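What follows is a short report on a single structure.
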Amino acid sequence: MTWLISLLILSACNKDTLQRTPEHPAGAGNWNEFSVSEPAFIDQAGVDMRGYWPDGKISVVENDLSGKYTLYWGERYSFRTVAETPFPEDHISQVRPGNRVFGIGFGEKAGFTDGGAWFIGIYKLKDGRLAGFFHAESHWGGLQAYKSIGVAYSSDDGLTWTRGEKILNVDYPKPANPRWSGLGDGCVIYDEENERFICYYSAFVDNQDYKICMAISEDASGAPGTWKKWDGQRFSVEGYNPSNNLGGRDYGIAGLKVRSGANPSVMWNEYLKRWVMVYAGWNEVLYMSASDDGIAWERPIAITDVVNETARYPNLISENGDLKGGSVVKLYYGRNQNSAGVRQFALRTITYDEQP
């Protein structure tokens, strides 16, 4: 859609919104030159949690034998669906109570997952199991949550999961009085070149705001006790210590600090030869950034316009799933959320290097 590209061009003079990429790897496309289609909408009629999709990350796993795709829909209870494509519109009719596989009602732990568990990344391990990383919430009886991140494992293709253990936490305990606190609202990717998991998440950075932060595990299964948070220069901060139920301090990713937000979706783009991230700003605008190594990220640019719509919970999904994309990628997101939290399930098609 040309109006959105025009918006980006007009905003080039705004240093807080757009910065051109100075260099690109040989043979790579330009991550900040693209067209975006008009929004289309996915019908939520008759599904569980109607009106609340998406509510975070949608994870995709391809079945090596059948060629079908399994989607894991993150909510306070997470759902598992199977279809011929990786696209949510072909799965949503299966979002029913019988397809809940994790979260509320599945061995929740007080102070950890009693408010729900949202899958934010599902990965096949070399031993045949699935690792399921999740955003966890503990409540006080209302909506406010103390948030953290955990991992669970499945030995039966995602039908059942272990109870889950914490891998990342903030450096303070659950407050006595209800308030939004902790860390979470993220995603987990696997960096094949460096053989490590990277978790991108949102946490409060001292004297600033909730920023996008990151942590890594070089363990083959992303096991508890193996995670280190970014300290601004390296991964040196303890992710979680079970002896005191706390983690270390959180530091924002330098290139993304200009725009606070949450709910990143990250994939490797084969066409661009870069990692691409989209996330939601607190101003209800979606932002995009790119990185050569998944660690140093470029200044984000706005890809939606709050004048025309509000946008949250972005997801990048291609014909190959949520791990890798190409010159054409679909962007799924929650649109025009009302005061009750109900939102439209919208999608647009992003085509890189296509000019109006």
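How many angstrom lie between the C-alpha centres of region 63-132 and region 272-309? One Cα centre to the other: 25 Å.
If you average the sequence gap of Cα pairs under 8 Å that are 6 or more apart and divide by the length of the chain, what percent do you get for the contact order?
Working: 959 pairs, mean separation 63.2, N = 356.
Once normalised by length, the contact order is 18 percent.
With both labels modelled 7 Å from their Cα along Cα-to-Cβ, the D171 to A110 distance reads 2.9 nm. In this view, the solvent-accessible surface of E298, computed with a 1.4 Å probe and all protein chains in place, comes to about 40 Å².
Roughly speaking, what is the stretch gain from D206 to Q233, that is 0.36 nm per residue apart minus the C-alpha to C-alpha distance, in nm to one decimal? Full-extension gain reported as 8.0 nm.
Judged by the ratio a/c of the largest to the smallest principal axis of the C-alpha gyration tensor, region 100-227 counts as oblate, that ratio being 1.5 or greater while a/b is no larger than b/c.
Ignoring ligands, DNA and RNA, what accessible area per residue does the chain give at 1.4 Å, in Å²? Intermediate results must be reported in sequence, preceding the final value.
Numbers: 14590 Å² over 356 residues.
Here the residues of the chain average 41 Å² of exposed surface.
Rounded to a whole number, what % of the accessible area of the chain do carbon and sulfur atoms account for, probe 1.4 Å?
Values: 7060 of 14590 Å².
Whole-percent figure for carbon plus sulfur exposure: 48.
Within region 258-356, the proportion of C-alpha pairs whose separation exceeds 20 Å stands at 35%.
Below 8 Å between Cα atoms, with a sequence gap of 6+, how large is the relative contact order for region 113-169 in percent?
Averaging sequence separation for qualifying contacts and normalising by length gives 28 percent for region 113-169.
Legend: residue pairs K109/K330; K68/K211; K211/K324; K126/K257; K109/K324; K68/K257, Cα-Cα distance threshold 32 Å; pairs beyond threshold, K109/K330; K68/K211; K126/K257; K109/K324; K68/K257.
Legend: residues M288, M49, sorted from most to least accessible area (1.4 Å probe; ligands, DNA and RNA excluded), read M49, M288. If both residues of a DSSP beta bridge must be in the chain, then about 95% of such bridges are antiparallel. Just to be sure I understand: if I project the alpha-carbon convex hull of region 27-159 onto a plane and average over all orientations, what area do I get in nm²? Answer in nm², one decimal: 11.2.
First select every other residue whose beta carbon is under 14 angstrom from the beta carbon of D55; then total the charges, Lys and Arg +1, Asp and Glu -1. Please report the intermediate quantities before stating the final value.
On the way: positive: R50, K57, R76, R100, K147, R312, R335, R343; negative: D48, E75, E137, D185.
Spelling it out: positives minus negatives among the neighbours equals +4.
Can you give the local net charge around F102? Use residues other than it whose beta-carbon is closer than 12 angstrom to its beta-carbon, Lys and Arg +1, Asp and Glu -1. Each step should come with its number before you reach the end.
Values: positive: R76, R80, R100, R163; negative: E75, E108.
Within the 12 Å Cβ shell, the charges total +2.
The values are calculated or read from the model by the stated rules, or taken from the named source; none is laboratory data. Quantities reported herein were computed from a predicted structural model and do not represent experimental measurements. So basically every Cβ, Gly included, is an ideal-geometry build from the backbone, and we count neighbours across all protein chains shown. Note: accessible area is taken over every heavy atom of the protein model, side chains too, but ligands, DNA and RNA are not part of it. Shrake-Rupley method; radii C 1.70, N 1.55, O 1.52, S 1.80 Å.
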